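Just so it is clear, none of the values below were taken in a lab; they were calculated from the coordinates. Values in this document were obtained by computation on a predicted structure and should not be read as measured data. Quick reminder, even Gly has a Cβ in these numbers, built from the backbone with ideal geometry, and neighbours come from all protein chains shown.
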Amino acid sequence: MQFCIMEKLNFPEFDFSFKSKENKTFIFDPIRKKWLVLTPEEWVRQHCIQFLLKIKNIPFGFIQVEKKLNVNHTEKRYDLVVFKPDHSIDLLVECKAPSVDITQKTFDQIARYNSVLKSDYLMLTNGLNHFFCKMDFQKGVYIFLPDLPVYISNK
């Protein structure tokens with residue numbers, strides 16, 4: 001079987017399931033429980049899912065992938081969110097392909113999404129560079145962090 005080789009990302013090594021069909025490589029998404037065409041952005045998204053599950057200890061059922069939201073009367077899709085036990089959003093993740101630089105425009109995009117979602121934490125990544133922020137809603141600013149906290153069940 002021939003698989004599309006994706007570049008090494010700045011994440012720990014994770015195990016993924018792949019399959020090939022009609023000259024396309026697919027990767028299995030354990031959250032959505034389906035096979036997806038392996039694109040550079042999906043490669044980053046699947047690494048983020050494993051990072052959240054295995055490194056940050058986030059319970060499987062608290063992660064939601066690629067859902068629609070309405071921002072200023074426009075339908076958008078976020079990449080990942082992590083819920084708290086009270087169903088409020090703890091983390092909003094925006095994934096870009098490794099070839100896409102993380103710029104002010106990317107921060108503006110996640111800020112627009114977060115104006116609706118009100119997540120406490122933000123993560124932006126292209127798989128090579130990761131940015132982590134805690135929101136200070138009172139001051140309307142991001143507080144940059146070196147990493148995300150590990151999930152604690154009594155948050």
Checklist entry - Taking residue 118, is it touching a residue at least 60 places away in the same chain (Cβ under 8 Å), over 22 Å from residue 38 (Cα atoms) and either of a type in the set (D, E, K, R) or in contact with an Asp or Glu (Cβ under 6 Å, 6 or more places away or on another chain) (or both)? => result no
Item to check | Among residues of region 144-155, those that are in a strand (DSSP E or B) and surrounded by 11 or more Cβ atoms within 10 Å (Cβ to Cβ), counted | outcome: 1
Checklist entry - Which is closer than 26 Å to residue 33 by Cα and more than 15 Å from the chain's Cα centre (by Cα), of 96, 84? => result 84
Item to check | Given (1) touching a strand residue (DSSP E or B) at 6+ places or on another chain (Cβ under 8 Å); (2) closer than 15 Å to residue 127 by Cβ; (3) surrounded by fewer than 15 Cβ atoms within 10 Å (Cβ to Cβ); (4) of a type outside the set (Val, Ile, Thr), index of the condition residue 7 fails | outcome: (1)
Checklist entry - Taking the condition more than 17 Å from residue 56 (Cα to Cα) and surrounded by fewer than 17 Cβ atoms within 10 Å (Cβ to Cβ), does residue 141 pass? => result yes
